[in-house]
1. Taking only the C-alpha atoms, wrap a convex hull around the chain and report its volume per residue in Å³ as a whole number.
2. Given the stretch 1-139, report the % of alpha carbon pairs whose separation exceeds 18 Å.
3. Nearest 500 deg cm²/dmol is fine: what mean residue ellipticity at 222 nm does the chain get from its DSSP H runs of n ≥ 4 alone, each adding -39,500 (n - 2.57), divided by its residue count?
4. Within the chain, count lysine pairs with alpha carbon atoms under 29 angstrom apart where the residues are 8 or more positions apart or belong to different chains.
5. Once the piece of chain linking GLN256 and ILE130 is laid out straight, how much longer is it, given 0.36 nm per residue of separation minus the C-alpha distance between them?
6. If packing is taken as the mean number of other Cβ atoms within 10 Å per residue, what is the order of 73-82, 175-184, highest first?
7. Show me 188-200, 284-296 ranked by packing, highest mean number of other Cβ atoms within 10 Å first.
8. Helix 3-24 versus the longest principal axis of the chain: what is the Cα-based angle in degrees, 0 to 90, to the nearest 10?
Amino acid sequence: MPTFIKRILGLVVVVVLLVGMNAFMSREGLFGFGLPYYYAEIINLTGISIILASSLNLITGFTGQFSIGHAGFMAVGAYSSVFMTVYFSEGLEQWLTGLMGATLAQSIVFLGVIIFGALVAALAGLVVGIPSLRLRGDYLAIVTLGFAEIIRIIILNIDRVGGATGFRGRVPPWNGRLIIPQYANFIWIGGFAVITVVVFYNIVKSDTGRALISIREDELAAEAMGINTTRYKVMSFVISSAFAGIAGALFGHFRQFLHTNDFQFIRSIEIIIMIVLGGMGSITGAVLGAIVITILPELLRKLPGDLYSYRLVIYSALLIVIMLTRPQGVMGAKEFGLSWLKRAQRRPEGDKPVGEKGVPIAQQPATAVIDQGKDIEHGKEHA
């Protein structure tokens, strides 16, 4: 089956699954069956975690730069997008509702604030990345950690976004929405999770991705081969920050409440655990790690009797066992069935079959290639 047809079918299947799952998790349910809100919330938070883990994996797993400030970029995207929604989007939404209906108007407004949050987070990544990505190892980690804490403290001191009390809607005396609208559902969260995986897979399989991997393997050798390592590191940092901003925007419009406690240092560590557990340098590993780290603590809450009191100990012990048995992560650097997502590329000249036997040029002996060249020249002379 042609790759194009596979992609179209895959897109149709994804859309149907997203719409079906969203209906299944709604209050009305799907065909009389529904999912309790507690489980629906876990699934939605898992989708947000997939976006966060995949985006950090581009920096840490594929570029080899150790960043522990990812929660800061998530906070930038969350607060900036919700700020626009609360204070500046209500009039636009009402105007669009009169033109095209409430559902489409809300979708356009929400998409706009998501893009705004991603751009602000990308700008923050650029501001941090340009001076700091000349550093390596522990020094870079300290800078990114410091940035995340600076962002958190700044937000704590901005009254218009609630400060230390949290942000759930307009803050008097400013006018705006009373509460944050719950725009985000599983269609949005699951859709952006799929988009994130597809985008990063294509980046990694492109020339840019090979440059990033070369930086991870040996930065000095990459520089010697003419790769502008600082440019590529900043590029990966900006792209990763933008997707962290998207995750923050979805988080804010799903939970309808923001507080700086959701973006502390431990949140960044949790995202790092996701990609280490799944396998650094594996996109499907990051997805698997996000699913496990988000769902496992909730499963341990169901432990019976006295075991419930030891759920955090059991959680830590399970992580230690996995790291001891699979130090490279569950997936290592392998991918699981994502080749069909790769964009089509031209076949290299050396792989094209030539001649009566159809043997590729790259596999023919040197004498055969020379003889073919002579035959072509003779053909031109006779013509």
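No value in this document is a laboratory result; all are computed from the given coordinates. Here the structure is a predicted model, which is why all the values come from computation and not from measurement. Because the Cβ atoms are built from the backbone with ideal geometry, glycine has one as well, and the counts that use them run over all protein chains shown.
1. Numbers: hull volume 87.3 nm³, N = 383.
Dividing the Cα hull volume of the chain by its residue count gives 228 Å³.
2. Numbers: 6927 of 9591 pairs.
Tail of the P(r) past 18 Å holds 72 percent of the pairs.
3. Numbers: 14 runs with 250 residues, N = 383.
Dividing the helical sum by the residues of the chain leaves -22000 deg cm²/dmol.
4. Count of close lysine pairs: 17.
5. Working: separation 126, 0.36 × 126 = 45.36 nm, distance 3.33 nm.
Taking 0.36 nm per residue and subtracting the Cα distance, the gain is 42.0 nm.
6. Values: 73-82: 30.2, 175-184: 15.6.
By packing density, highest mean first, the sequence is 73-82, 175-184.
7. Values: 188-200: 20.7, 284-296: 23.3.
Going from most to least packed, we get 284-296, 188-200.
8. The answer is roughly 10 degrees.
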